[in-house]
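For reference, the structure is listed below as structure tokens.
The values are calculated or read from the model by the stated rules, or taken from the named source; none is laboratory data. Model, not experiment: these values are computed from the prediction. A quick note on method: Cβ atoms are made from the backbone with ideal geometry, for glycine too, and the neighbour counts reach across all protein chains shown. Heavy atoms of the whole protein, side chains included, go into the accessibility calculation; ligands, DNA and RNA do not. Shrake-Rupley method; radii C 1.70, N 1.55, O 1.52, S 1.80 Å.
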Amino acid sequence: MAGVVSTLAGTGVIGHSDGPGAQAQFNSPFGVAVDGEGNVYVGDQSNHRIRKVAPDGTVSTLAGTGAAGHSDSPGAQAQFNCPRGVVVDGEGNVYVADYYNHRIRKLVGFAVAGAMLPAAAAGPGRPFTVRLAALERRVIAAATAADRTTAVHTAAVAEAEAALEQAQAAQAAAVREARDRHAAACAALAEVEAEADGFRSRVAREGLAGLDELGAYEVLQLLGVAGVTLGTLRAQEIGGAVLPDLTEADMQGVLGLTRLGDRRRLAVALRRLAQGQGFPPPATARHQQPGALAWDVAQAAQWLVEEGFGELAAVFTAQAVDGECLLLLRAEDLAGLGVATVGQRSRLTRQLEALTKLTYAGQVVRGQGKGVAGGAVLPVAEVLAAVLEENEELQQRMAELRAEAAADRAVDVPPQFFCPILQDLMQDPVMAMDGHTYERAAITTWFRRSARSPMTNLEIPPTLVPNHAIRQQIAALASPKRRPPAVGGGSRY
């Protein structure tokens, strides 16, 4: 009702108490202001606090500790000294005239934006023109604050979108750069691989003789000799022509190959390259080579255990002796491999000789329940079968040999007269580059399938020289004068 005075909050007794308006206490309240929601802010000067009266009459302390002093801090820790005048701006900030501190204090964000009036200006007892002007200013201030907030938020959104676009552009550029680097790396790799393939082909075609120290270094790297440097090869004047002449002492002292198996495999590979037979096949393809014993180091050690030489397995393993190296061991190697006695050396030598013969005959069958080669038969037997299958002349010769086998058994024939491949008396003996003599048709057909010697398992060129001495001795053996009489007194010749 107009003109009626009422108490908004306070008991009328000096003190300090927050709570419902009728129970709240003040001490010399002075200035007041009202925000846009009807909250009343009071400068409670003798309590040295700023109080707030909500629209429902609830009183709370907005800021101040109650002790006179000065401290700019969060509301509950701030200090005032007789705060009096209070006003609220359009952005929700509360301004206080701190009387005995001689300062104007600002409380940020405590009020509702849009209130710019002292309490007296908004009351219903004022003329409506005054109240209208005040409310118009209040609306304008609220709209301005809203526009300002919208502008700030719009700018923030635009800035965030620009930053996102920039980040996306940077990410796309980084991805393109990474892809370009990957493509360049792949192109460089392909170029070097093509160079390496060309080098391999050239060495396989032309051999080692034309290589300088750099070429020799490349060959050793491709063969897995990683410990030698180009400077060492140049200091020792080791070019391609020198590589096949390296002794095992050279390999150990200059190339750093401390393991017997590595030295022996390198010697075989260099000999193969020197003869123009190309780089050795990878380990996974060695089992396809006739006469090859494709055991790794562990399988070779297992063979030693199974043959009763288990005490040597650790030394053989440390020296990287695999199946290929096992067949290339010489008598002088055995002492360095832990063979301590003459008897042990003799037994191991016999076992190695037997293993070599079985390997070249395609009969190594280990792994039948406990062996080391997985039960696989080396393919030499298949090559021998192919030799007969592809050569009708050889088939006819074999038939003749079988027909004469009984009579030949009665003659004391030296073993060198028999072809190591066919195991029968030779008719056209030729000598291969491994120093062994073979039946021409058998060894010619053999070389169509393999570049290795049937007897030494080393790579050799397919050069054949007629062995006239053996031919003459066989002819003399076949003479009727040398033949024993046939049953019944007749002669088969």
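Considering (1) at pLDDT 90 or above; (2) assigned to a helix (DSSP H, G or I), the lone condition that A241 does not fulfil carries the number (2).
Selection of region 437-467 for residues being closer than 19 Å to E324 by Cβ and either part of a loop (DSSP other than H, G, I, E, B) or touching a His at 6+ places or on another chain (Cβ under 6 Å) (or both) yields S450, A451, S453, P454, M455, T456, N457, L458, I460. In the condition set (1) assigned to a loop (DSSP other than H, G, I, E, B); (2) exposed (fewer than 14 other Cβ atoms within 10 Å of the Cβ); (3) within 32 Å of the chain's Cα centre (by Cα), V228 is compliant with all but (2). None of E389, E382, E404, E393 is modelled with pLDDT under 60, open to solvent by 60 Å² or more (accessible area, probe 1.4 Å) and in a helix (DSSP H, G or I) except E382. Of all residues in region 330-347, those that are open to solvent by 90 Å² or more (accessible area, probe 1.4 Å) have Cβ atoms under 8 Å from Cβ atoms of residues that are at pLDDT below 85, 6 or more apart or on another chain, in R345/A331.
Residues that are closer than 16 Å to R345 by Cα and either without any contact (Cβ under 8 Å) to a residue 12 or more places away in the chain or surrounded by 15 or more Cβ atoms within 10 Å (Cβ to Cβ) (or both) within region 309-320 comprise F309, G310, L312, A313, V315, F316, listed in sequence order. Within region 272-289, not a single residue is modelled with pLDDT of 90 or more, in a helix (DSSP H, G or I) and surrounded by 19 or more Cβ atoms within 10 Å (Cβ to Cβ). Contact map, region 231-246: residues that are farther than 20 Å from R263 by Cβ paired with residues that are assigned to a helix (DSSP H, G or I), Cβ distance under 8 Å, separation 6+ or inter-chain. Pairs shown: R234/E213; E237/E213. If you go through region 173-189 one residue at a time, do you hit one that is closer than 30 Å to L255 by Cα, among the hydrophobic types (A, V, I, L, M, F, W, C) and in a helix (DSSP H, G or I)? Within region 173-189 (the criterion being closer than 30 Å to L255 by Cα, among the hydrophobic types (A, V, I, L, M, F, W, C) and in a helix (DSSP H, G or I)), the answer is yes, since at least one residue qualifies.
Meeting the requirement of 1 or more residues that are aromatic (F, W, Y) and either open to solvent by 40 Å² or more (accessible area, probe 1.4 Å) or out of contact with any strand residue (DSSP E or B) (no Cβ under 8 Å at 6 or more places or on another chain) (or both), the strands (runs of 3 or more DSSP E) wholly within region 1-100 are 29-34, 94-98.
Filter region 439-469 for residues that are in contact (Cβ under 8 Å) with a residue 24 or more places away in the chain, out of contact with any Ser or Thr (no Cβ under 7 Å at 6 or more places or on another chain) and over 23 Å from G278 (Cα atoms) and give the result. If the condition is that a residue be in contact (Cβ under 8 Å) with a residue 24 or more places away in the chain, out of contact with any Ser or Thr (no Cβ under 7 Å at 6 or more places or on another chain) and over 23 Å from G278 (Cα atoms), then E439, R440, A441, A442, V465, P466 are the ones that fit. Of everything in region 32-53 that's modelled with pLDDT under 90 and in contact with a Gly (Cβ under 8 Å, 6 or more places away or on another chain), which residue is farthest from D98 (Cα to Cα)? Among them, the one singled out is G36. When region 312-350 is examined, which residues are found to be out of contact with any helix residue (DSSP H, G or I) (no Cβ under 9 Å at 6 or more places or on another chain), in a helix (DSSP H, G or I) and of a type outside the set (K, R)? Within region 312-350, A318, E332, V342, G343, S346 meet the criteria.
The residue of region 212-225 that is modelled with the highest pLDDT, among those that are open to solvent by 20 Å² or more (accessible area, probe 1.4 Å) and of a type in the set (A, V, I, L, M), is L214.
Would you pick out the residues in region 292-301 that are over 17 Å from T349 (Cα atoms) and in a helix (DSSP H, G or I)? Once the filter is applied, which keeps residues that are over 17 Å from T349 (Cα atoms) and in a helix (DSSP H, G or I), region 292-301 yields V297, A298, Q299.
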